[in-house]
């Protein structure tokens, strides 16, 4: 295999790409070892990643947030070319779960010296996913965040607070490997990774290579439970049974009588009455 890397930089990741990132990468990887390319439009990272696979490169490194990681990884399913991550996004949920540091120097050393781990991924309404897919409140926030000119944790938290108390729970039918349950909930999350981003853990038991998807049904809870819910999300542990239920499966269908806000890896999907999620077992080689 060609032991060469392609670094794909998203200049719009997080609050904007620092111009020195390219120079720092070049100080660690010379021109014979690595190419560096910037994305120019939506879908460009997937195109560049596909091209890298045809050249049989060792790895494609996504330099950006969870959306960039998703787009790069789309072309790497069941390929020898590995996925690398330099987390420079707003939330970096997937890289946090893999314990990839946000420090650029440390992350580059993992790309240089890290181990290959083969992990699962999934399809959600024919869209690729590697971390989370969901319906309901978090998907609404993903939609609003993607259309906001402001980035970062503060703006994300502002949108959550603005919408949470006026948001009405929806009635969902959740099918897990053919077994149906009906619930009224704030959101239903299908998890390969364990967190939204900024270390807010929604699926504490999620495992990237167990050939299973975790399902979390989260209720809104009463007003006095809100501080406990927030604390629970950042504790890294399972949430209280009073607000959350947990399941596992390989094929998950979430449906509602009305159109739902949907997302994959924090990027909004077209609204639909159905979210159909299927695991793709042992499908991505990731450097971690």
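Annotations for the structure displayed:
- Residue 46 falls short on exactly one of the conditions (1) more than 20 Å from residue 108 (Cα to Cα); (2) surrounded by fewer than 19 Cβ atoms within 10 Å (Cβ to Cβ); (3) at pLDDT 95 or above, and that condition is (2).
- Positions within segment 217-243 being modelled with pLDDT of 85 or more, assigned to a loop (DSSP other than H, G, I, E, B) and either touching a helix residue (DSSP H, G or I) at 6+ places or on another chain (Cβ under 9 Å) or surrounded by 15 or more Cβ atoms within 10 Å (Cβ to Cβ) (or both), in sequence order: 219, 220, 238, 239, 240, 242, 243
- Out of 109, 144, sole residue that is over 11 Å from residue 267 (Cα atoms) and either in contact (Cβ under 8 Å) with a residue 12 or more places away in the chain or not in a strand (DSSP E or B) (or both): 109
- Residue within segment 150-160 that is part of a strand (DSSP E or B) and in contact with a helix residue (DSSP H, G or I) (Cβ under 7 Å, 6 or more places away or on another chain) present: no
- Once segment 182-199 is narrowed to residues that are without any contact (Cβ under 8 Å) to a residue 60 or more places away in the chain and assigned to a strand (DSSP E or B), the residue that is surrounded by the fewest Cβ atoms within 10 Å (Cβ to Cβ) is 182.
- Filtered residues of segment 49-70 (kept if part of a helix (DSSP H, G or I), more than 21 Å from the chain's Cα centre (by Cα) and surrounded by fewer than 24 Cβ atoms within 10 Å (Cβ to Cβ)): 51, 53, 54
- Residue satisfying condition, being over 22 Å from residue 267 (Cα atoms), buried (at least 21 other Cβ atoms within 10 Å of the Cβ) and touching a residue at least 40 places away in the same chain (Cβ under 8 Å), within set 135, 82: 82
- Of the residues examined, residue 23 is not one that is more than 30 Å from residue 269 (Cα to Cα), assigned by TED's automatic domain parsing to the domain that holds residue 103 and part of a loop (DSSP other than H, G, I, E, B).
The values are calculated or read from the model by the stated rules, or taken from the named source; none is laboratory data. Everything numeric in this text was worked out from a predicted model, so none of it was measured. Glycine also receives a Cβ, built like all others from the backbone with ideal geometry; neighbour counts cover every protein chain displayed.
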